[in-house]
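What follows is a set of notes on a single structure, which appears directly below.
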Amino acid sequence: MKITAVKPYQITVGEDSFIFVKVETDEGIYGLGDADNLAMGRTMFEAITHLGRLIVGEDPLSTERLWQLMFRTAFYPGDRTICSAISGIDTALWDIKGKALGLPVYKLLGGPTRDKLYFFQHVNNADGNIEGLVNNVIRARDEGFKFVRWWLFGQTPELFEPVESARHMIAQVKAVREAVGNDVELVLDFHSRLDPRMAIQLCRELEPYHPHFIEDPIRTENPASYRTLARHVSLPIAAGEHWSSKWQFREVVEEELISIARPDITLIGGLTEAVKLAHMCETHYIDIIPHGPMGPISTAACNHLCFAVPNVAMGDATPGSSTLLWDIFPVQPTFEGGYMRRSEAPGLGIEFNEEAAQSYSYEPYLLPQFRIRDGSYYNW
């Protein structure tokens, strides 16, 4: 079997953009993957196209060899753009491998280790309204979700004042605990919007409410800053969705500065790299929760990883954000209450309507921009 084509599809649905990858072979078997770093626009499309030219004519089952070829093709190590492009292609290669062998991907990765995978439900309320948030939490609990998650909000879609936002999160958590007690576990995502000083202060004030973990409490450019955080914070810390290789995780894993690793399969280099990181984390008793609310392919790939490795806390997907685009993906993972069951379908278990994908247009994806009241830019 040989690779004959690598095709990226960039589409926009409402305010969301996606970049999917289809890898074709001379035996008619195709694989699907997707990439991230969408704010780079057409750069991602060109990166996938460039890497695709390198692997046409190669054996699609040689996933490790092709990963090394794509990562090491340039003099410089792969950055987030290259690693995200690799991610889309690599995941598609695993899909081909599963289909060619007639096995679901998780069986090729070592699984299964569990029968079903629990997820947290995103309960964000767009304007930060506390009553609306509480109602969303109650609804998620009643639908069967055992875990809920929300972000540290800004004051408006453009304004973010760290002190005010931290105080608002404390009020939110207090109101949710009063409404549902300990019926659900709380996952609090700081979205890398605080510096270590502010994150430490907020974590200490949240301790009495026993959140399940806090996510991305500080900016992620410098993993060494997690040393400062870990010395002062007793809450479990999750991080990693911004890191694009196992090397960027190395420090926080080896020094056990985090409790949960959040590799993004669409950024870290696909399933080939993600499974290596999961095993590395296992040696330090660090669980993983793959970051993957990028659409049905990402959800499926994260599921297969989670079914195959033992050190998994839960999954990351939400009905309506990760299970969607049914015209393009008429077969895709589905929720049963607050969990998903593993599939016996070969590959990732996703079907693709190429004609439907080609009917969508594309607009460059622009992230919101936060500012402080003094006019300076802040991290979204």
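Read-outs: derived from the displayed coordinates by stated rules, not from any lab. Bear in mind the structure is a predicted one, so any value in this text is a computation, not a measurement. Glycine gets a Cβ as well: all are built from the backbone with ideal geometry, and neighbour counts include every protein chain shown.
Structure notes:
- With all projection directions averaged, the alpha carbon convex hull of the stretch 329-380 covers 7.3 nm².
- Geometric descriptor of the chain, per residue, is 132 Å³ (volume of the convex hull of the Cα atoms).
- Span-rule helices in the chain, defined as complete DSSP H runs reaching 24 Å or more along the axis (Cα) with Kyte mean at least -1.0: 80-101, 162-180
- For the stretch 280-335 versus the stretch 128-162, the gap between their alpha-carbon centres in whole angstrom: 21 Å
- Label-point separation, T334 to E251 (7 Å along Cα→Cβ), nm: 4.6 nm
- All Cα-Cα distances of the stretch 282-377, cut into 10 Å bins from zero to the largest, leave 14, 36, 26, 17, 7, 0 percent in each bin in turn.
- The HN-Hα couplings worked out from phi for the stretch 12-21 by the Karplus form 6.51 cos²θ - 1.76 cosθ + 1.60 (θ = phi - 60°) are 10, 10, x, 9, 9, 10, 9, 10, 9, 10 Hz, whole numbers, x standing for Gly and Pro.
- This ranking places I86, I3 by how few other beta-carbon atoms lie within 10 Å of each, fewest first, which gives I3, I86.
- Distant-in-sequence amide H partners of F370 (H built 1.01 Å from N, under 5 Å): Y378, W380
- Gyration tensor over the Cα atoms of the stretch 160-242: the corresponding equivalent ellipsoid has semi-axes (square roots of 5 times the eigenvalues, largest first) of 22, 14, 11 Å.
- Across K116/K246; K99/K276; K7/K146, pairs whose alpha-carbon gap is larger than 30 Å: K7/K146
- Cα-derived Rg to Rh of the stretch 3-102, Kirkwood definition: 0.97
- Note on R231 and E58: with the Förster distance fixed at 41 Å, the Cβ-Cβ geometry gives a FRET efficiency of about 0.30.
- Inter-part distance where the stretch 230-266 and the stretch 9-48 are each reduced to a Cα centre, Å: 27 Å
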